């Protein structure tokens, strides 16, 4: 009687409320990792996100440079030359002048200013393009964050799913151990058979093998999550035992303002802005370019000695010059026209891409919501199946205690219970995956 009471107690602990008990502390002294902790480490250490941030920073620099494109360019050139020459001169009257080691110093400096006053407003189009590129970089960072968080969330709850499955196997092992003890006891008093004992031991070993395989699967999933978090695969941790769900999601709320929250659509919109700025740049090539140029020149020549009496010993030139230059495109083999046509086609293409992307996102959202609804219905059904399987095992166990049924019938009931647990755990994970996908499409994971 005590043995049957112990088996009943084990089943009750396994089947209580159809849900594995929530665990407040980690197993085996391992640090308990919450989903919030995972997301925090992903944001800090994930290599894909760090690369995206680096690219975004580079685009921000391009924006700063584009703002400075309308400013004038000022350059200076200086030179200092020391000469030591030999001179030989012969004139038509037969006179010859020759001198060696003639030294002279030459100092020169030029300050040049170039300022583009007008270039068909190309500079403003370039500035607009750089701003759009920076915003696109920021959107790419956010999109990378969103996808990585979704990946990390699914990875985390996949570990929770497999942990629940492992605990279900461990509970089955305890029940099978009691079955072995019970079969040994019944055989010892002549109320049992040797095949029942052997079958119970076979079933126990099968569960132990399943436990080893499940433990390996759990380690692999933890290694995957460590990689997503940017940690080493040797970092050990534990996760919670439960999979929480948000309040029921509404398709109307998900579809509301989707164009301003879905990052894929925002990226497509920004690509349209880039294409428009590029078209403006190409159209600016039709206009003339007007530049203001100014230079200040300084030149000093100091000859220590001269052969030619008409050559100065000392000379200094300095002065300020300024003016404007213009460049008017007259004919360039139709290059500007072709570039404008290409830019127009690219703009049309980006608009078509956006329309197609919007249609695909709308479809994906509806399909994900249908999957979410189906997953919740399946979850409720599996919870009901769990209660039925529990009641069935309790009945068969009581009948087996009275020696009114066989071990095979008890084994079948126990197998049905195990299958019900597996389906329920899988249904929870699938419902959570569907919820995460809906929030990803909405852009609500950040």
Return 160, 81 ranked ascending by Cβ neighbour count within 10 Å, so the fewest neighbours appear first. 81, 160
Which three lengths, in whole Å and largest first, does the chain cover when its Cα atoms are put on their principal axes? 149, 53, 36
Degrees, to the nearest 10: 35-45 long Cα axis against longest axis of the chain: 30
Extended-chain gain in nm, criterion 0.36 nm per residue less alpha-carbon gap, residue 351 and residue 45: 106.6 nm
Residue-normalised 222 nm signal for the chain, counting each DSSP H run of n ≥ 4 as -39,500 (n - 2.57), nearest 500 deg cm²/dmol, is -22500 deg cm²/dmol
For the stretch 163-296: rounded, prolate or oblate by the Cα gyration tensor [a/c cutoff 1.5]: prolate
How would the stretch 195-247 be classified by its alpha-carbon gyration tensor: rounded, prolate or oblate, with rounded meaning a/c under 1.5 and the a/b versus b/c comparison settling the rest? oblate
Please work out the C-alpha center-to-center distance from the stretch 247-298 to the stretch 342-397 and express it in whole Å. 33
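With 10 angstrom as the radius, rank 108, 200 by how many other C-beta atoms surround their C-beta, starting from the fewest. Please list the in-between numbers first.
Values: 108 15, 200 23.
Exposure proxy ranking, most exposed first: 108, 200.
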For residue 251 paired with residue 388, estimate the spin-label separation in nm (one decimal), with each label point 7 Å from Cα along the Cα-to-Cβ line. 2.8
Placing each pseudo-label 7 Å from Cα in the direction of the beta carbon, residue 36 and residue 406 end up separated by a distance in nanometres of 5.6
Geometric extent, Cα atoms of the stretch 354-446 - Rg, Dmax (angstrom): 20.4, 71
To the nearest 10 degrees, how steep is helix 407-442 against the longest Cα principal axis of the chain, on a 0 to 90 scale? 20
Nearest-0.05 FRET efficiency for residue 235 and residue 426 at R0 = 45 Å, using Cβ-Cβ distance, is 0.95
Going highest first, how would you order 130-139, 359-368, 217-226 by mean Cβ packing within 10 Å? 130-139, 217-226, 359-368
So the angle from the long Cα axis of helix 335-401 to the longest Cα principal axis of the chain, reported in degrees to the nearest 10, equals 20
Could you list log10 I(q)/I(0) for the stretch 245-309 at q = 0.25 Å⁻¹, which the Debye formula gives when each Cα is one point scatterer? -1.10
Can you give the FRET efficiency for residue 112 and residue 328, using 1/(1 + (r/R0)^6), R0 = 22 Å, r = Cβ-Cβ distance, to the nearest 0.05? 0.45
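Readers should treat all values here as calculations from the given coordinates under stated rules, not as data from a laboratory. Small disclaimer: the values here were computed from a predicted structure and weren't measured. Glycine gets a Cβ as well: all are built from the backbone with ideal geometry, and neighbour counts include every protein chain shown.
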